[in-house]
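Computed from the coordinates by the stated procedures, all read-outs in this text should not be read as laboratory data. From a predicted model like this one, the values you see are computed outputs, not experimental measurements. So basically every Cβ, Gly included, is an ideal-geometry build from the backbone, and we count neighbours across all protein chains shown.
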Amino acid sequence: MIANAGNPLTGDPVVFMPEISPGAIGGRGVKLTEPWIVRAGVIGFSAAFMLVFVCVPLTLVFVKAFEKGASAYVAAITEPDALAAVRLTLLTAGIVVPCNTLFGLAASWAIAKFSFRGKSVLTTVIDLPFTVSPVIAGMVFVLLFGIQGWLGTWLDARNVHILFAPAGIILATMFVTFPFVARELIPVMQKQGTDEEQAAVVLGAGLWRTFADVTFPNIKWALLYGVILCNARAMGEFGAVSVVSGHIRGATNTIPLHAEILYNEYRMNAAFAVASLLAFLAVITLVIKKFAEVKVKDELAVRGNHTAGGR
Amino acid sequence: MSIEVVRLSRRFDRTPAVDGVSFRIATGELVALLGPSGSGKSTLLRMIAGLEPPDAGDIRLAGKNVTGESPRERNVGFVFQHYALFSHQTVAENIAFGLNVRKVPKDEIRRRVTELLNLVQLKGLENRYPSQISGGQRQRVAVARALAPRPGVLLLDEPFGALDAKVREDLRRWILELHELTRVTTLFVTHDQHEALEIAHRILVMNRGRIEQEGTPREIFDDPATPFVAGFIGENNLIRADVTEPHVARWGPLRFAVNGHPTGRALRVYFRPNDVSVSASEGAGLVRASIVKTRFRGPSLELLLRLGEDRHIVSHVPRDVALPEGGANESVVYVGIRAFHAYEES
């Protein structure tokens, strides 16, 4: 608001500005018209790669599993050690997945909806299990709960066994899988902002009501997506679990560990039969994931519809 | 319900967003909080709603100090700039939300929702989702949702900011009608002076976290108390004139009659393009000028006038005003300033 050398100054700063026609800048769309041979090459290469490295091995698992017929397959997965492994895997997932779902909800809610000291630290630490090798994760628990470990002797004196016991397997699995739910929820929650929650609070809703009626419907597919991924990893985790398990048959073997033991004993068909259970899980996970993915996209788009032209 | 704000302050990282603001709004008033972006008006509104904690000062609603209370307990209606409708609920469910939370009986909720749908003229859309209705309709749903629990105060944060010009104009009129029907104490934040001047009974002009002036739209427009208000409200010419003799400030050939400013002082003088008269013939007190540029702006013409040696001013004249050669460039006219506001340079 300073009039230099007596220039006119009006409330409308664009008076007498040269006009720029909208067509003058940009507006030229880029068309991708590579020769057909290039397109066919790129698509063909990707498809062939997928076929060789993913589809064929996965199919071979089932082929090998059923090589000796259905009865051998059933026998392999119903022998007591195999059933114990299935039970332990289900128990582990049954405890780990709900815990990590709760943690993921709380962490992503905190990160996306509040601002607080140490938020960036929390955001970084959540990714830790992704960056650390699972073997190291397992060894950390050995260090903590082993006989030479910090807590090991104290716990051992009280007859609490973590290492070489289901508790250790559950803890190690929990560590390895805790980012999955939070990682899926954080971007969705951040994109959606806090406007709806604020509106609910001003209208008199409490924390639970706000979460159940406003936040949850907006994130439910992302949550399912995260839970599915978390579950798949919890059931399939090998490295960390292998370190803390002790491989006690019928007691501390999960499905992946049991499959490895059978493999090491050259019981190929039984190994693949057990492995096929995990392969089944992978296929089911993939189907649900695909479906949830589409819905998550909608959840991310909801905000966009809402503010068409805004922000 | 009246609103009273006493020396309210809030800072973000040491920059004060709201800086010791006090004002009072009587029950049933319709008041605009007007200011440029970053002036602290939204922060002030959010503090009244309880969405933002103040660093200092008090907020009283209906005489009761609510400063420490959560938004839930304040019984205010709040309308967000980007609607903030619950995207997974229908129009009717959105409106009913505040009533459901308060455990109002089901048939009463149904009755109230129908009543509000009529009030906001959205009958027939009750089963649509927010993504299936237009921006203007969404904002009306947001207003209905805020009004449903019969709040004592309605707060609107840039309610029409995200809408296009025609819809804004319709909604402005509609808000005025709505206020006449409901008589709920209303405070709305806007950066759009036309919106404030057209709707509000009273305007609080905010700048840099402080209230620069409060008054009726007419007072604010005709009698700006500070250079900021003079510059912010309406279009303005701003020039620097010198007090060269008692009671007269000069800027080139223009002379302004001023009082109470000692000789030798520099003044900032504001005058509106509407207050610059232009005529084809000479007259008493008129100054010779030439037209540099003419621009058509619908009901009026905008003239850029040169008053000799690089001094330019802008005038808005009716499009049928008699101009030499129809307002062609370089034609000579005679101009006078009908009204102006002068402030000493600080």
> Given Cα pairs under 8 Å that are at least 6 residues apart, what percent is the relative contact order of the stretch B:165-309?
Replying inline: 12
> Where is the GNM fluctuation largest for chain A (alpha-carbon springs, 10 angstrom cutoff): A:Gly41, A:Gly204, A:Gly239?
Replying inline: A:Gly41
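Using a 10 Å cut-off around each Cβ of peptide B:71-84, what is the average number of partner chain Cβ atoms that fall inside?
5
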>> Just to confirm a number: summing +1 for Lys and Arg and -1 for Asp and Glu over residues other than B:Val6 whose beta-carbon lies under 14 angstrom from that of B:Val6, what do you get?
In response: +1
> Along the charge dipole of the protein assembly as shown, which of A:Thr285, B:Ser281, B:Val76 sits closest to the positive end, that is, farthest toward it, with unit charges on the beta carbon of Lys, Arg, Asp and Glu (+1, +1, -1, -1)?
Replying inline: A:Thr285
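I'd like the mean, over residues of B:301-313, of how many other protein chain beta carbons sit within 10 Å of each residue's own Cβ.
Averaged over the peptide's residues, the number is 3.
Report the rotationally averaged projected area of the stretch A:193-285 based on its alpha-carbon convex hull, in square nanometres. Present the calculation step by step, with values, prior to reporting the outcome.
Values: hull surface 34.8 nm².
Taking a quarter of the hull surface, the average projection is 8.7 nm².
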> Each label point is 7 Å from the Cα along the Cα-to-Cβ direction; what then is the distance between the points at B:Arg150 and A:Arg249, in nm?
Replying inline: 7.7
> List the trypsin sites (Lys or Arg not before Pro) in the stretch B:17-111 that DSSP assigns to loop (not H, G, I, E or B) and whose Cβ has at most 16 other Cβ atoms within 10 Å. Which are they?
Replying inline: B:Arg102, B:Lys103
> Using r as the Cβ-Cβ distance of B:His201 and B:Ala165, and R0 as 22 Å, what FRET efficiency do you calculate, to the nearest 0.05?
Replying inline: 0.40
>> If you restrict to DSSP beta bridges whose two residues both lie in the protein assembly as shown, what percentage is antiparallel, to the nearest 5?
In response: 75
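With +1 on the Cβ of every Lys and Arg and -1 on the Cβ of every Asp and Glu, and nothing else charged, how large is the dipole of chain A about its Cα centre, in debye rounded to the nearest 20? Walk me through the numbers before you get to the answer.
Values: 23 positive and 19 negative charges, 31 e Å.
Rounded to the nearest 20 debye, it is 160 debye.
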>> I need the P(r) histogram for the stretch A:152-311: all alpha carbon pairs, bin width 5 Å from 0 out to the longest distance, whole percents.
In response: 1, 8, 13, 13, 13, 11, 10, 9, 8, 6, 4, 2, 1, 0
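Translational diffusion coefficient of the protein assembly as shown at 4 °C, 1.567 mPa s, Stokes-Einstein with Kirkwood Rh over Cα pairs, in µm²/s as a whole number.
The estimated diffusion coefficient comes to 42 µm²/s.
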>> Restricting the calculation to Cα positions, tell me the Rg (one decimal) and the Dmax (whole number) of the stretch B:133-182 in Å.
In response: 10.8, 30
>> Give me the one-decimal nm value for the distance between modelled label points at B:Arg173 and B:Arg210, 7 Å along each residue's Cα-to-Cβ direction.
In response: 4.0
>> Over the Cα atoms, compute the radius of gyration (one decimal) and Dmax (the largest Cα-Cα distance, rounded to a whole number) for chain A, in Å.
In response: 27.5, 99
> In chain B, with Lys and Arg counted as +1 and Asp and Glu as -1 at Cβ, which of these residues, B:Asn259, B:Pro318, B:Phe160, has the Cα nearest the positive end of the dipole, that is, farthest along it?
Replying inline: B:Phe160
>> Need one word for the stretch B:1-73: rounded, prolate or oblate. Basis is the Cα gyration tensor (sqrt eigenvalues a ≥ b ≥ c); a/c below 1.5 gives rounded, then a/b vs b/c decides.
In response: oblate
> Normalised by the residues of chain B, what does the relative contact order come to in percent, with Cα pairs under 8 Å and at least six apart?
Replying inline: 16
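If you take each beta carbon of peptide B:97-108 and count the beta carbons of other chains within 10 angstrom, what is the mean? Don't skip to the end; give the middle numbers.
Numbers: counts 8, 6, 2, 5, 9, 3, 0, 0, 0, 0, 0, 0.
Per residue, the average neighbour count from other chains is 3.
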> Which values, in whole Å and largest first, are the semi-axes of the equivalent ellipsoid of the stretch B:214-346 obtained as the square root of 5 times each eigenvalue of the Cα gyration tensor?
Replying inline: 26, 19, 11
> Which residue, A:Thr173, A:Thr33, A:Thr131, has the most motion in a Gaussian network model of chain A that connects Cα atoms within less than 10 Å?
Replying inline: A:Thr33
> Between A:Pro35, A:Pro80, A:Pro187, which gets the highest mean-square fluctuation from a Gaussian network model of chain A, Cα cutoff 10 Å?
Replying inline: A:Pro35
> So what's the net charge close to A:Trp150: Lys and Arg +1, Asp and Glu -1, counting the other residues with Cβ under 15 Å from its Cβ?
Replying inline: 0
> Using the per-residue mean of other Cβ atoms lying within 10 Å as a proxy for protection, in what order, highest first, do the peptides A:115-123, A:150-158 fall?
Replying inline: A:150-158, A:115-123
>> Once you keep just the Cα pairs under 8 angstrom separated by 6 or more residues, what percentage relative contact order results for the stretch B:187-247?
In response: 22
> Taking only Cα atoms, what is the 0 to 90° angle, nearest 10, from helix A:36-50's long axis to the longest principal axis of chain A?
Replying inline: 40
> Counting Lys and Arg as +1 and Asp and Glu as -1, what is the net charge of the other residues whose Cβ lies under 13 Å from the Cβ of A:Lys220?
Replying inline: -3
> Between B:Thr114 and B:Ser331, how many nm apart are label points set 7 Å from Cα along the C-beta direction?
Replying inline: 6.5
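Hey, could you get me the Stokes-Einstein D for chain B, Kirkwood radius over alpha-carbon pairs, 20 °C and 1.002 mPa s, rounded to whole µm² s⁻¹?
94
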> If you place +1 on the Cβ of every Lys and Arg and -1 on the Cβ of every Asp and Glu, how big does the dipole about the Cα centre of the protein assembly as shown come out, in debye to the nearest 20?
Replying inline: 1060
